[in-house]
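To start, the structure under review is shown below, and the notes come after it.
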Amino acid sequence: MRRSRSVYRAAAIDEPRLVEGYEACRRAIRRAGGTEYPTARLMPPALRPALWAIYATGRVIDDVADTGDPSGREALFDAWTTAFDEDLRRGDSEDPVRRALVHTMLTWDLPTDGLSAAFAATRADIAGRTHPTWKAWSTYSQAVNTSFFAQGAALLAAAGLYLPLRLRYLDAARQWVDALSVIDNLEDLAEDLAQGRVTVPVEVLTDHGLTAADLTGGTHDAPVEAMIGHLAAQARLWLAQPDLFRELPPALAVVARAVTDIGRLRLERVERAGAQLLHGKPRLPRLASRRILLPARLKAHVAWRFLTPIGPARSRRDTATPHPPTLAALLPAPRTELPTPPRPHPSGARPPSCPTRRLPRHVAVVMDGNGRWATDRGLPRTEGHRAGGESMRDVVHGALEIGLRYLTLYAFSTENWRRRPEEIDGLLALVREDMVDAAVLDHDVRFRWAGSAEGLPQDVLERLVRLEHATRDRTGLTLTLCVNYGGRIELTQAAASLARAAVAGRIDPAHICERVFAAHLALPDLPDVDLLWRTGGEQRTSNLLPWHAAYAELHFSDTRWPDVDRRDLWRAITAYADRGRNFGAVPDSAAPAAGPPAHDAGAPGH
C-alpha cells in the first residue's frame, strides 16, 4: 500500500473507499501471477489504477464463470454483470472491484462496448465451448482479448494518446494477440481441464492423434509433448512481429517489446514443462523476469516523461472535450450478407469477351485530369475531384463485371500536399465522405489502403481502417486505394525494415534477394501490376508502385478522369490482351500472353 500512495496521488484518487476498491483490483491481478501487473507498472502512474480495474475485471468475470456448479454459473455471471450495469448508472458500488471499475469508466469517460463484448464472449463460454479449427479459436480469442485491448486503447485516447493503427499491421496485431492467448491457454491447461474445458482446437488434437478425453485423462505423454511443442512454436512465430511496434509512440513501444520478451520467457517455461502442463501451471522465473522488466521500467519512465506525455483524467461531465474514437468503433464486425452484383452501365454496354489467360490480373490506374476538367468548365478544381469519384465507382463496377482480380487506384500522392489547401481538403473530403462506400460495402470487393499515415487527418485514417476491416473476408475484386502514397517512400521504408532485420540478426544479408525484399513492402501480398493505365493525356507513371510495376504494360489515354467510365477500362484491357509479353525473352509470336517469371513475382508465393 505504501508503494501505491504515489500512484493514487498521481491519479488524483484520495477517497478511502475508492482506494480500497483499486487496492482490491491491484491485489487480484498481482495474485493471478500473469503479465497484467508488471505491464501496468510500465505505464504512467496516473493510468495504473484504471488499468488495475480493467485487468481485474477480466480476472473476476473469469472466476465467476468458473465458480460453483456448472448449472448455476450463468446465473452468477448474469448477476455480476447486471449489478455492474446498475452500479454504472448509479455511479457507485458496494463491490470493491466494480466500484473501481465504475470510477474508471466515469473518470475517463470510457465507452462500455468493449466490456460488453468481453462479457458476452465469456458468458458464451460458460456452457463449454469447443473450437473445431484454428480460425474458430482465433475468433473467440479476439472477441475476449481485443475487447480488453479496446478498453486500454480508449483509456490512452482519453489521456490524449491516440494509437496510430496501421492497416498493413492489422493482421500482425491479431497474430500477436493470438500468441499471447496461446501462451495463456497453455499455462492454464491444468486449471481449464479441471473445469472440464479443452481450449486446444480440435484440429490440433486430431493432427497429433489425441482427443479431449486423452487430455483430461492425463495420458499419452509423447503425443501431448508433441502437441505442446507445436502450439509453442506457433505462438513463437506469431509473437515475432518485427515491424509491428515501430510506429507506436516511444513509451508504448517499450511496453509492447517488454510484453513480447516476457511472452518468449513464458514460452520457454511452457516447453520445458511439456506434458506436466496437464497437472500444473509453470512458474515464471523471477530473476529472468526482472532482467527484462527492470530495464523496461527505466526506459518507460524516461519515455513517458520526455517523449510521450499524457493528459489528466477527463470526467464524463466535461462535455467540452470531444470523445476519443474507440477501437470497437474503428473495427466493426464484417458484413455477412451476400454482396450484391455490380450495377449495369446505363447504356447497357457489356464487357468484351476476353480469354481468361489474356486478362490482366492486376490493373493500376493513375486517375489524372480532374483539375483540368473542372478548370475547362469554369469550376473549382475540387468539383473535378468530386466528379472523378463517380468515375471511380463506375470503373470498379466494370472491373467486377469483367472479372478483374486486383485494381489499384492512385487517389492522393505524397506530392499532392504541395497543392492549394482547398484542393487538398477537397481530395481528402472524397475519401472521408463518399469515394468508396457504394463501390465497396455492397459488392464483393475487398478494400485495402496503401500509403503513409503521416499527415492524414484522423477521421480519414479511421475511415480507411473501417473499410479494410469490414471487407477483409471478401474474395472478389481486391481494390487498393493509394492515399498519401509515394513509391520511393515505400521502397525506402522497405529497405529500412530490411536493414533493421539484418542488424537484429533475423536475416543474413548474403541471402537477401528480390523475394525477401518484396516481403518487407507495405503490401507484400499485392501481385505485380500487369497493366498500368493513366488518363488525362500525360505519359508518366508518377511514382506509383515502382516495385510492382517494373514489368507492367503501359496504356495512356487522353480522356480526363471525370469523363472516364467502365468502357474505358475495358478498352485498356482489350489493348493489353492484344499485346505479347516476353519479360526480356526472345519474342515468340506463337506464345500466349503470360505472367511475369517466378523470380520477378512481387510477393512471396506468387
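The values are calculated or read from the model by the stated rules, or taken from the named source; none is laboratory data. Given the structure is predicted, the values throughout are model-derived calculations rather than measurements. Glycine gets a Cβ as well: all are built from the backbone with ideal geometry, and neighbour counts include every protein chain shown.
Before moving on, here are some points about what is shown:
- The numbered conditions (1) within 17 Å of ASP192 (Cβ to Cβ); (2) out of contact with any Asp or Glu (no Cβ under 8 Å at 6 or more places or on another chain); (3) touching a residue at least 40 places away in the same chain (Cβ under 8 Å) are all true for ILE126 except (2).
- In segment 33-49, the residues that are among the aliphatic types (A, V, I, L, M) form Cβ pairs under 6 Å with partners that are surrounded by fewer than 20 Cβ atoms within 10 Å (Cβ to Cβ) and part of a helix (DSSP H, G or I), at six or more places apart or across chains, as follows: ALA46/ALA10.
- Among the residues listed as ARG98, ARG48, ARG59, ARG27, the single one being crowded, with 20+ Cβ neighbours inside 10 Å, out of contact with any Phe, Trp or Tyr (no Cβ under 8 Å at 6 or more places or on another chain) and of a type in the set (Lys, Arg): ARG48
- Taken residue by residue, segment 33-45 has no member that is of a type in the set (Lys, Arg), modelled with pLDDT of 90 or more and either more than 32 Å from the chain's Cα centre (by Cα) or more than 26 Å from ARG286 (Cβ to Cβ) (or both).
- Just one residue in the set THR574, THR559 is under 20 Å from ALA349 (Cα atoms) and in a loop (DSSP other than H, G, I, E, B); that residue is THR559.
- Under the condition of being buried (at least 21 other Cβ atoms within 10 Å of the Cβ), under 27 Å from THR475 (Cβ atoms) and out of contact with any Leu (no Cβ under 9 Å at 6 or more places or on another chain), the residues counted in segment 395-429 number 1.
- The set of residues from segment 78-134 being among the charged types (D, E, K, R) and over 29 Å from ALA11 (Cβ atoms) comprises ASP78, ARG123, ASP125, ARG129.
- Members of segment 363-401 found to be over 21 Å from LEU441 (Cβ atoms) and of a type in the set (Ser, Thr, Tyr), listed by number: THR375, THR382
- Residue in segment 432-449 that is modelled with the lowest pLDDT, counting only those that are assigned to a loop (DSSP other than H, G, I, E, B) and charged (D, E, K, R): ASP434
- Apart from one condition, GLY128 fits all of (1) over 30 Å from TYR485 (Cβ atoms); (2) in a helix (DSSP H, G or I); (3) modelled with pLDDT under 85; (4) not β-branched (Val, Ile, Thr); the exception is (2).
- Being touching a helix residue (DSSP H, G or I) at 6+ places or on another chain (Cβ under 6 Å), among the basic types (Lys, Arg), within 28 Å of PRO45 (Cβ to Cβ) and touching a residue at least 12 places away in the same chain (Cβ under 8 Å) holds for only one residue in ARG266, ARG257, and it is ARG266.
- With respect to the conditions (1) over 21 Å from GLY34 (Cα atoms); (2) assigned to a helix (DSSP H, G or I); (3) of a type outside the set (A, V, I, L, M, F, W, C); (4) at pLDDT below 90, ARG99 falls short on a single one, namely (4).
A quick yes/no check of all residues on (1) outside the structural domain of ALA121 (by TED's automatic domain parsing); (2) modelled with pLDDT under 85; (3) buried (at least 17 other Cβ atoms within 10 Å of the Cβ):
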| position | (1), (2), (3) |
| --- | --- |
| LEU205 | yes, no, yes |
| GLY209 | yes, no, no |
| THR216 | yes, yes, no |
| LEU231 | yes, no, yes |
| ALA235 | yes, no, yes |
